[in-house]
Amino acid sequence: MCNDTYIPTEITVVLIDTRNPLNIGSAARALANFGVTDLRLVNPYDVAFREAVSAVGGAPVLQAARVFETLAEALADCSLIVGTTAGQGRIAQHPVDRLEAGMAHVRGFDGRVALLFGSEKFGLSNEDLSFCHSLIRIPTVPETPSMNLGQAVAVCLFEIIREGGSPPVRAAFESPDGADVEKITSLLKDVLLESGYTNRTTSISTHEKVRRWVRRLRISRRDAPLVLGILRQILWKFHRQ
């Protein structure tokens, strides 16, 4: 590959519940191919991760990779979260864009973007999907809809640079990072619980719905402290009563 590859934004690749060391290694090599260095793993199978560290071509990326127990922790500093899906077998709560359309938004984004890839067997869970602002699918034939993990990572990263080559224009809208969005989600869930809108039996499914809704609201970085303050005040009033 020529040396003029330019990833026009801050990219983080997140692998969730990965079990095969060959898949982890091939994904790391794909990151190295495109000059991306930020690999994060959520709850990887320990044996697979240790065996993958020696993967040819991806060793520097793997050595710098960080492991997280939860997806929320892995996404704390990410402002745009894009999930990947084969688009079959699960009802998505977001529109699913073809790769080229979804990556056009990523290419012009000013901030850290997380690309999420699920486990080899099950893909992203409904809870994983609830963290996403949008979903993308690689157009494949219906008979073989899913791709090898390393191949999928490589195709997604190539699509980002395919029409790139220059830094993006700074967007007027700045998204809050994942940590603030998750704080808003958690506080709003507590407000709904205290108000009686939800109960503890349905709180898990409601939490996922609220998380998706908060991301659809597109709260700005500037407004996030205001929203957090309002929700904290409401909770404080509930607790006093």
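For S205, are the conditions met, namely being surrounded by fewer than 18 Cβ atoms within 10 Å (Cβ to Cβ), at pLDDT below 85 and assigned to a helix (DSSP H, G or I)? For S205, the condition - surrounded by fewer than 18 Cβ atoms within 10 Å (Cβ to Cβ), at pLDDT below 85 and assigned to a helix (DSSP H, G or I) - is met. Quick check: anything in the range 90-101 under 13 Å from the mean Cα position of the chain (by Cα) and in a strand (DSSP E or B)? The answer is no; no qualifying residue exists. Among the residues of the range 156-169, which ones are at pLDDT 80 or above and either more than 17 Å from V82 (Cβ to Cβ) or surrounded by fewer than 17 Cβ atoms within 10 Å (Cβ to Cβ) (or both)? If the condition is that a residue be at pLDDT 80 or above and either more than 17 Å from V82 (Cβ to Cβ) or surrounded by fewer than 17 Cβ atoms within 10 Å (Cβ to Cβ) (or both), then F158, R162 are the ones that fit. Among the residues in the range 12-20, are any modelled with pLDDT of 90 or more, touching a Gly at 6+ places or on another chain (Cβ under 8 Å) and buried (at least 21 other Cβ atoms within 10 Å of the Cβ)? Looking through the range 12-20, at least one residue is modelled with pLDDT of 90 or more, touching a Gly at 6+ places or on another chain (Cβ under 8 Å) and buried (at least 21 other Cβ atoms within 10 Å of the Cβ). Kindly evaluate W213 against the criterion of being surrounded by fewer than 12 Cβ atoms within 10 Å (Cβ to Cβ), part of a helix (DSSP H, G or I) and modelled with pLDDT under 90. So W213 does not fit the description; no.
Among the residues of the range 129-154, just one is surrounded by fewer than 18 Cβ atoms within 10 Å (Cβ to Cβ) and assigned to a helix (DSSP H, G or I), namely Q151.
The values are calculated or read from the model by the stated rules, or taken from the named source; none is laboratory data. In this text the structure is predicted, and so the values were computed from the model without any measurement. Note that we place each Cβ from the backbone using ideal geometry, even for glycine, and neighbour counts take in every protein chain shown.
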